[in-house]
1. Restricting to region 1-72, what percent of DSSP beta bridges are antiparallel, rounded to 5?
2. So between residue 172 and residue 129, what do we pick up on full extension, going 0.36 nm a residue minus the alpha carbon distance?
3. At R0 = 25 Å, how high is the FRET efficiency between residue 281 and residue 219 if r is their beta carbon distance? Nearest 0.05 is fine.
4. Report the Cα centroid-to-centroid distance between region 170-249 and region 11-65 in angstrom, as an integer.
5. For region 144-268, what class follows from the C-alpha gyration tensor (a ≥ b ≥ c being the square roots of its eigenvalues): rounded when a/c is under 1.5, otherwise prolate if a/b is larger than b/c, else oblate?
6. Normalising by the residue count of region 1-110, find the relative contact order in percent from Cα pairs under 8 Å and 6+ residues apart.
7. Determine the gain in length on full extension of the stretch residue 137-residue 32; use 0.36 nm per residue of separation and subtract their C-alpha separation, reporting nm with one decimal.
8. What span do the alpha-carbon atoms of region 1-113 cover on each of the three principal axes, reported in whole Å from largest to smallest?
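Readers should treat all values here as calculations from the given coordinates under stated rules, not as data from a laboratory. Quick caveat, the model's predicted, so the values are computed rather than measured. Note that each Cβ is placed from the backbone with ideal geometry, even for glycine, and that neighbours are counted across all protein chains shown.
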């Protein structure tokens, strides 16, 4: 059965799948987007803001992370996600520092004795083509511009943290209707890859409040890379110091923009929620490409009465709505054994299996 762990950082929650072991390597490295949407659905799935897949490193890192938002699209980085991953690693590892490969580069995370987690988020991105955005740098250091929607104009400041962010300064974030403006701003044409949207209220030179519409997810309780983007904007404008408390609906993060190396360091917490296993119908099909017979005319062409030209089927794509040829499927034996295990195991045995998984990671 496919095991997973659910963790949250300031209410931003993720399902973590550990693919480092060949024995447990049962989830595709790039799962089908519809499967991700289904498993992240809070009514019909497990429920999460996204999934994290842990993989062996391909470069100088200790491991590699791939993260997919609830809409099924892959993200370059996620501050809360990498804190959750760090807590997961700390629950099963004797180390306290990890170099994690991401699409945004290698990120160093540290788990402190008191439970706080610090992430070296790297340097910010200012150039429009790096963020990316169609906004231009005019008089200052950051790309800025005005977006007008339904007669309402918003002053936008864009910055990159390996993923795109747009910061909007307001006098009172409680008056902002995120459901009304979030999605439209996220998908505005000035953001070629869409953007995270952050409405921001500066309370003092040491304290900022923000609310986030997260790209590919919607309203979330927290956004780590977004908190870094907010500090970059407010400090560049002279509104805050280079270190400040960023308050989000799910809690607070400490963000420090280190002038020595231009890196931002994010410090906050993450917590385990539960471990679980997916039932066979929720387990994604393997990535293996196989040949199997089918009567589907789109995949096969009959050239004679007794001869069928077989085409390659990728199960995770072709069989999303059910096996095309269930009587002769390569994975039937595997599915049968998993079903037998569940059918012949008591609830207590399933709980014991999950408990053993937890204990093996915290000893």
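1. Numbers: 11 of 16 bridges.
Here the share of antiparallel DSSP bridges comes out near 70 percent.
2. Details: separation 43, 0.36 × 43 = 15.48 nm, distance 3.12 nm.
Extra length from residue 172 to residue 129 when fully extended: 12.4 nm.
3. Working: r = 30 Å, r/R0 = 1.18.
Computed FRET efficiency for residue 281 and residue 219: 0.25.
4. When both Cα centres are located, 26 Å separates them.
5. Numbers: a/c = 1.60, a/b = 1.49, b/c = 1.07.
Prolate, since a/c reaches 1.5 and a/b exceeds b/c.
6. Numbers: 205 pairs, mean separation 25.5, N = 110.
Taking the mean separation of contacting Cα pairs over the length of region 1-110, I get 23 percent.
7. On the way: separation 105, 0.36 × 105 = 37.80 nm, distance 3.77 nm.
Extra length available between residue 137 and residue 32 comes to 34.0 nm.
8. Rounded to whole Å, the extents work out to 36, 30, 28 Å.
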